[in-house]
Amino acid sequence: MNDTPKNCLLTINGGSSSIKYALFEIEGSLNQLLTGEIANIGNGSATLQFIHSGKEQQHQIDIKIANHSEAADWLVNWLEKEAEYIHIKAIGHRIVQGMDHASPELITAKLIKELKAISAYDPEHLPSEIRLVEAFKKHFPKVDQVACFDTSFHSSMPAIAKLLPLPRKYRDKGIKRYGFHGLSYSYLMEEFERLAGTDASQGKIIMAHLGSGASLAAVKNGKSLDTSMGFTPASGLTMSTRTGDLDPGVAWYLMKSEKLTPKKFNHLVNHESGLLGISETTADMQQLLNLRQEDPRAAEALDFFCYQAIKWIGAFTAVLGGLDTLIFSGGIGEHSSEIRKRICDGLQFLGIELDETKNTTNEKIISAEASRASVRVIKTNEELMIARSVCKILNYNIKH
């Protein structure tokens, strides 16, 4: 048995009721050993799902944990048993709201204090993410932890794209458009440059991260010009359970007529709306596709999602002054050929044409040769992007 400890890097992607993680061995390059997720934290039926690198079989374990701190304790103890003789050298955390932080940062007591002070800006994510940082600090007090902000990618947006039409006094308090899914977009841009070259990556690009959370980003010369999510991840494109953009008058009306408190309204727009709210049955895209023939509500949810995506892509093409490349990613964008087709069928006015066979078989390039803009499918990898960011901040010499 080889008892030499493996120098490893742990990435943590904490959601409101989940923790996605990945373990990488640092050995000249990043070698992924494990990936998994603790789901349903806090509802009494938490599970751990994981896959060993290079293997297809997914394992699942039922676990008893009440909160994120207990989940972190459980994960650390389990990793030490499951991954043979590891030495965790660094931990990278996805932090959804980074305000004006333009790049990853080493986590310090000062940064934790700052994140706690802005928790009200993202109550869905920040409190649990902070608890995870503190839990891992307890286990690994001497290990460097790095914050990778989901908002950083969009810090390059021009001031006009960050603006919200409210009195200026609120802007001074940080109320503006930030944009999210930045780690995914950063990875997609690196991967696109690797696949298509530097010239293509400097073109006019729209990226569609379509998953349970969904957004789009308009990129030119490698910089974010605009994105659909704004002050919070609940805005922009309609999502699985989030409304997307909503007339603010609806909030006033529901609070007055339905006696909704701010907390209940926040739960409504984040957890009860979107595809779930329209269909009244499910937030899952594949299930909606299966139900659409017999359930008009499911069909309407699908139509609305695609309509909104077409509208956003059209708007962002105007922002960019044209379109060279459309990239689909995220669970829906990577796997649902029908949703991609529906969206692209609505973009024929831009000269977009799909190759039906390539789209159906999820090829990397799914546009027809005659298409004026290239259409690609790129699998995103937020965990790898976090790991690369940590290596960069801590000066680990790693090859991509």
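Return yes or no: is L126 touching a residue at least 40 places away in the same chain (Cβ under 8 Å), assigned by TED's automatic domain parsing to the domain that holds E37 and not aromatic (F, W, Y)? In short, no.
Residues in region 373-400 that are in a loop (DSSP other than H, G, I, E, B), farther than 17 Å from L188 by Cα and outside the structural domain of D345 (by TED's automatic domain parsing): 5 in all. Answer yes or no: is there a residue in region 47-62 that is in contact with a helix residue (DSSP H, G or I) (Cβ under 9 Å, 6 or more places away or on another chain), farther than 21 Å from L30 by Cβ and assigned by TED's automatic domain parsing to the domain that holds I12. Yes, there is a match, as at least one residue in region 47-62 is in contact with a helix residue (DSSP H, G or I) (Cβ under 9 Å, 6 or more places away or on another chain), farther than 21 Å from L30 by Cβ and assigned by TED's automatic domain parsing to the domain that holds I12.
Residue count for region 11-48, restricted to those that are part of a strand (DSSP E or B) and either in contact with a Ser or Thr (Cβ under 9 Å, 6 or more places away or on another chain) or within 26 Å of K137 (Cβ to Cβ) (or both): 24.
In region 49-147, counting only helices (runs of 4 or more DSSP H) that sit wholly within it, the ones holding 2 or more residues that are within 28 Å of N7 (Cα to Cα) and acidic (D, E) span 68-82, 126-139.
Taking the options K176, K169, K110, name whichever one is surrounded by fewer than 23 Cβ atoms within 10 Å (Cβ to Cβ) and under 29 Å from E70 (Cα atoms). Can you show your working first?
On the way: K176 fails: under 29 Å from E70 (Cα atoms); K169 fails: under 29 Å from E70 (Cα atoms).
Exactly one of K176, K169, K110 is surrounded by fewer than 23 Cβ atoms within 10 Å (Cβ to Cβ) and under 29 Å from E70 (Cα atoms), namely K110.
Surrounded by fewer than 16 Cβ atoms within 10 Å (Cβ to Cβ), over 17 Å from the mean Cα position of the chain (by Cα) and of a type in the set (K, R): which single residue out of K220, K263 fits that description? I'd like the intermediate steps shown before the answer.
On the way: K220 fails: surrounded by fewer than 16 Cβ atoms within 10 Å (Cβ to Cβ).
Just a single option satisfies the conditions, and that option is K263.
Checking S128 against (1) exposed (fewer than 15 other Cβ atoms within 10 Å of the Cβ); (2) at pLDDT below 90; (3) over 21 Å from K392 (Cβ atoms), which single condition isn't satisfied? All conditions pass for S128, except number (1).
All of S69, S18 fail the test of being without any contact (Cβ under 8 Å) to a residue 60 or more places away in the chain and of a type in the set (S, T, N, Q), apart from S18.
Against the condition under 21 Å from the mean Cα position of the chain (by Cα), closer than 23 Å to G15 by Cα and surrounded by 17 or more Cβ atoms within 10 Å (Cβ to Cβ), how does V390 come out, does it pass? Answer is yes for this residue.
Just checking, does region 89-98 include any residue being farther than 17 Å from R388 by Cα, out of contact with any His (no Cβ under 9 Å at 6 or more places or on another chain) and surrounded by 16 or more Cβ atoms within 10 Å (Cβ to Cβ)? Within region 89-98, one or more residues are farther than 17 Å from R388 by Cα, out of contact with any His (no Cβ under 9 Å at 6 or more places or on another chain) and surrounded by 16 or more Cβ atoms within 10 Å (Cβ to Cβ). The set of residues in region 340-371 that are surrounded by fewer than 17 Cβ atoms within 10 Å (Cβ to Cβ), in a loop (DSSP other than H, G, I, E, B) and either at pLDDT below 95 or not hydrophobic (A, V, I, L, M, F, W, C) (or both) comprises G351, T361, N362, E363, K364, E369.
Filtered by the rule that a residue be of a type in the set (V, I, T) and either under 18 Å from I393 (Cα atoms) or touching a residue at least 40 places away in the same chain (Cβ under 8 Å) (or both), region 141-179 gives V143, V146, T151, I175. Which residues, taken from region 230-260, are more than 15 Å from the chain's Cα centre (by Cα), β-branched (V, I, T) and crowded, with 16+ Cβ neighbours inside 10 Å? Once the filter is applied, which keeps residues that are more than 15 Å from the chain's Cα centre (by Cα), β-branched (V, I, T) and crowded, with 16+ Cβ neighbours inside 10 Å, region 230-260 yields only T243. Contact map, region 180-191: first residue farther than 22 Å from M99 by Cβ, second residue of a type in the set (D, E, K, R) and modelled with pLDDT of 95 or more, Cβ cut-off under 9 Å, separation 6 or more or different chains; pairs are E190/R388; E191/K379.
The values are calculated or read from the model by the stated rules, or taken from the named source; none is laboratory data. Predicted, not measured: the structure shown is a model, and the values here were computed from it. As a convention, Cβ positions derive from the backbone with ideal geometry for all residues, glycine included, and neighbour counts pool all protein chains shown.
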